[in-house]
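The values are calculated or read from the model by the stated rules, or taken from the named source; none is laboratory data. Predicted, not measured: the structure shown is a model, and the values here were computed from it. In this analysis, Cβ positions are derived from the backbone assuming ideal geometry, glycine residues included, and neighbour counts consider all displayed protein chains. What goes into the accessible areas is simple: the full protein's heavy atoms, side chains included, and nothing from ligands, DNA or RNA. Shrake-Rupley method; radii C 1.70, N 1.55, O 1.52, S 1.80 Å.
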Amino acid sequence: MELCLHQVRGRAAPLSVTLRQCTREEAETVYRLQNEVRAMMPNPELFMPDTLENIQSYLEHDLCLGVWDGERLGAYFILRYCGHSEHNYAAFMGIPEAEWEYWANADSVIVHPDWRGNGLQRILLEDALPLLRPGIVGIGATVSPGNPYSLNNAKASGFEIVSRREMYGGHDRYLLAKHL
Ligand SMILES: CC(C)(COP(=O)(O)OP(=O)(O)OC[C@H]1O[C@@H](n2cnc3c(N)ncnc32)[C@H](O)[C@@H]1OP(=O)(O)O)[C@@H](O)C(=O)NCCC(=O)NCCS
């Protein structure tokens, strides 16, 4: 799908980009963007990084949408099907285990600073919805209370805060859910 970014590096400058699913072969590009963007964050603790191996697995078994300008990846969103694993955010929401397989995790979203301000976090989520595995009834997510950009976007996309708790070995996070 073609998109038009209306600003680049905060300045009005239309840029045609392509939003499409990323393939396993593109895992290194996704991994590099993750590391590049995280290294630029004033507080990297807000974003839990993943290993290349995990990203390869997500691209193979889950869903990753990317925004591309030719060969340049500038944004991505990873959504995971965690089923009965303890990593399923449904497990922290009091949802019975029999229903976990119908919940997906909004795992991570990254927009390069050059492309911020185009609403890409919201667009990526919206465009992922029709691609979800059949039967999914809800999406769980976590957002740091110190990450207002991500939190505002999640709320604007229909996520509601379920609780505030420690996740990932002691990190303060809001746990959010969106019912489909
Ligand atoms: C969270 C994130 C994906 C949002 O990017 P986005 O979809 O481009 O954000 P929006 O289009 O909603 O931006 C709205 C406004 O906030 C600004 N903004 C967005 N993220 C910002 C950030 N991290 N720092 C400063 N300003 C930011 C935008 O420039 C824009 O400003 P404008 O209205 O003056 O043009 C992006 O900030 C990011 O990649 N952060 C690092 C990774 C992260 O925290 N991911 C979420 C946890 S998994």
Of the residues that make up the stretch 108-121, is at least one over 30 Å from R72 (Cα atoms) and part of a strand (DSSP E or B)? no
Looking only at residues in the stretch 125-146 that are farther than 26 Å from M41 by Cβ and of a type in the set (G, A, S), which one is most open to solvent (accessible area, probe 1.4 Å)? G135
Does Y149 satisfy being open to solvent by 30 Å² or more (accessible area, probe 1.4 Å) and within 13 Å of the ligand (Cβ to nearest atom)? yes
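Determine whether N147 is more than 25 Å from C22 (Cβ to Cβ) and not basic (K, R). So that I can check it myself, show each step before the final result.
Working: more than 25 Å from C22 (Cβ to Cβ): no; not basic (K, R): yes.
Answer is no for this residue.
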For the subset of the stretch 95-118 comprising residues that are open to solvent by less than 30 Å² (accessible area, probe 1.4 Å) and near the ligand (Cβ under 7 Å from one of its atoms), which member is nearest to R38 (Cα to Cα)? I110
Assess whether S85 counts as being part of a loop (DSSP other than H, G, I, E, B), small (G, A, S), open to solvent by less than 70 Å² (accessible area, probe 1.4 Å) and farther than 25 Å from N118 by Cβ. yes
What's the total number of residues in the stretch 36-61 that are charged (D, E, K, R), open to solvent by 60 Å² or more (accessible area, probe 1.4 Å) and more than 9 Å from the ligand (Cβ to nearest atom)? 4
Whether any residue in the stretch 158-165 is in contact with a helix residue (DSSP H, G or I) (Cβ under 9 Å, 6 or more places away or on another chain), away from the ligand (no atom under 13 Å from the Cβ) and among the basic types (K, R) is what I want to check. yes
